[in-house]
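Asker: Sending over a structure as structure tokens; questions will come in a sec.
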Amino acid sequence: MTVEKKMVYKAIVGATIWPGYGQVIYKGSLLWQNDKIVALGNQGEVELPQGTEYLNGAGLTVVPGLIDAHTHLGIQEEIYEYEGDDLNESGESAVTPEMRAIDGINPRDLAFKDALSGGVTTVMIAPGSANVIGGSICVLKTAGTNLERMVLDPEAGVKAAFGENPKRAYSELKKMPGSRMGIAALLRQALVDAQDYEKKKLKCEKEQEIHERDLGMELLTRLLRREIPLRAHAHRADDIGTAIRIGREFDLRLVLEHGTEADRMIPSLLEADIPVVLGPCFANRAKVEMERVDWRTAKDLVDAGVMIALTTDHSCTPIQYLSLCGAMAIRYGLSWRQALAAITINPARILGLENRIGSLAPGMDADFAIFDGDPFYYRAHCVGTFVNGQRVWTADSKKAKLLVWWAGDSQAGAVGDSSGENPTGGDLAGKDSTGEDPNGKDPNGGDRRREEGETDSGQAKSGEKLPWPRWLQSIRRN
């Protein structure tokens, strides 16, 4: 029996809308149906179908759902140490392509709620960097508890690590790699093994013989066929150079992760068309290879024509502060639009999902964040987050409580002032005076943000969750 999907129209009207391309829309309307955007434009230009439920967006700013293209949400859980740490399968071998990040993720990790509170709707989650090859990465929406429904791409790339982290992890165990030479050698050999595996497989298929499967080799053959990219963890310029060299030898698609000294490799990055997921720049110099961590690197790369995305590298920087990463990049030279692109459309392009997320346009996923001001202003808050057209986060603030659903015969997105009163006299659409479900539950199932000036309800600040020794350890392992 097939259940027909009810076609529900919803909208936010009268808001300032930054689509992620083109010009800002003042007093604009955004209309969506179920999980897809239908239309956006000036308030008088977007006609709302009969029965549309809408929010009064006066005084609010709507931006595409924020995207962090490099995190460890759910695989290195908040609060827990050993119990929730599934970041690295290290010790036995430094080459573990058969590992899958999605198998280590707890979707009930508190960090997912934190992400929604900051307007972050999509994340890439990767294994750590103790191993030369850590396994496959995945891309998820941040709302929900069922991974199968949250996932956008379960096998979106291969995590590889250069530099200090694999050296330190295996030198302590008296195993290879103990040097940068050893890291490069292990990666090359794994790729050569994958080439041989593919040849043997094709031969067996031709001769109709049984071919013994190897899950790690199967992942690496996808890499060799350029179906997925190598996500190369590298901070120092020489490590970046090694990643580029190996990528060229095997004709790989490459994405540079962290890129602390990427500004020293700009000509090589441009020649090979390699994007950089830059950060975490809020971190201190936790290890030698981060000596030159600097927000100004973002401007240097963008000015040269290198595509960048900004990352929190959660839990190095808490995920809910991704918008503040954009603010810091603006402080040190990026334009407002460049900073927005670095946490929306650019990471979407790097993830190969720009046809679904990263901007607001008809046909795109209805993922967006509503701020009570400029999202890069330090006193602005995310008051509402929508994923797949559903409100999954509402802040506990005065402005958020004005975000009530109205239903009526409004024409062309009519809207009142910022008082939240319904200008058309329509009825509240099955909500109480706070704009929430009548049972009063947070749509995300967790605590809401308290009034300005108070601490977050039920959520310890990051410094309390990750005291300095573990926070420092986190940077040295991610």
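Asker: Sort the following peptides by mean Cβ neighbour count (other Cβ atoms within 10 Å, averaged over residues), highest first: 382-394, 226-238.
Answerer: 382-394, 226-238
Asker: Moving on to the next point. Using the 10 angstrom Cβ neighbour count as an exposure proxy, how do D374, D109, D365 rank, fewest first?
Answerer: Listing D374, D109, D365 from fewest to most nearby Cβ atoms yields D374, D109, D365.
Asker: Full-extension gain between K36 and K6, please, as 0.36 nm times their residue separation minus the C-alpha to C-alpha distance.
Answerer: The K36-K6 span can extend by a further 9.5 nm.
Asker: Which listed residue (T260, V302, L322) has the Cα farthest towards the positive end of the charge dipole for the range 238-353, taking +1 on Lys and Arg C-beta and -1 on Asp and Glu C-beta about the Cα centre?
Answerer: L322
Asker: To the nearest 20 Debye, how big is the dipole of the range 1-100 about its Cα centre, given +1 on the beta carbon of each Lys and Arg and -1 on that of each Asp and Glu?
Answerer: Dipole of the range 1-100, to the nearest 20 debye: 1040 debye.
Asker: Could you give the semi-axes, largest first, of the ellipsoid that matches the range 176-216, computed as the square roots of 5 times the alpha carbon gyration tensor eigenvalues and rounded to whole Å?
Answerer: Output for the range 176-216: semi-axes of 29, 9, 5 Å.
Asker: What's the ranking of 94-105, 326-337 by average number of surrounding C-beta atoms within 10 Å, highest first?
Answerer: In decreasing order of mean packing, 94-105, 326-337 become 94-105, 326-337.
Asker: Starting with the highest mean, order 146-157, 341-352 by the number of other Cβ atoms within 10 Å, averaged over the residues of each peptide.
Answerer: Output ranking for 146-157, 341-352: 341-352, 146-157.
Asker: Checking the a/c ratio against 1.5 first, then a/b against b/c, what shape does the Cα gyration tensor give for the range 304-350?
Answerer: Here the range 304-350 falls in the oblate category.
Asker: Right, next: So for Y80, Y378, fewest C-beta neighbours within 10 Å to most, what's the order?
Answerer: Y378, Y80
Asker: Sorted from largest down, what three extents in whole angstroms do the Cα atoms of the range 2-123 have along their principal axes?
Answerer: That works out to 63, 40, 26 Å along the principal axes.
Asker: Residue farthest toward the positive end of the dipole of the range 71-210, with Cβ of Lys/Arg at +1 and Asp/Glu at -1: which of H72, A143, A94?
Answerer: A94
Asker: Using the Kirkwood radius over C-alpha pairs as Rh, can you work out the diffusion coefficient of the range 182-240 via Stokes-Einstein at 25 °C, viscosity 0.890 mPa s, in µm² per second?
Answerer: 189 µm²/s
Asker: Something else about it: Can you give the relative contact order of the range 14-156 as a percent, counting alpha carbon pairs under 8 Å and 6+ residues apart?
Answerer: Over the range 14-156, the number comes to 20 percent.
Asker: If only Cα atoms are counted, what is the Rg of the range 11-67, and what is its Dmax, in Å?
Answerer: 10.7, 33
Asker: Distance cut-off 22 Å, Cα to Cα: go down the list K113/K399; K113/K141; K10/K141; K27/K113; K167/K200; K113/K287 and report the pairs above it.
Answerer: Those over the limit are K27/K113; K167/K200; K113/K287.
No value in this document is a laboratory result; all are computed from the given coordinates. Since the structure is predicted, the reported quantities are computational estimates derived from the model, not experimental observations. Positions of Cβ are backbone-derived with ideal geometry, glycine not excepted, and every protein chain shown enters the neighbour counts.
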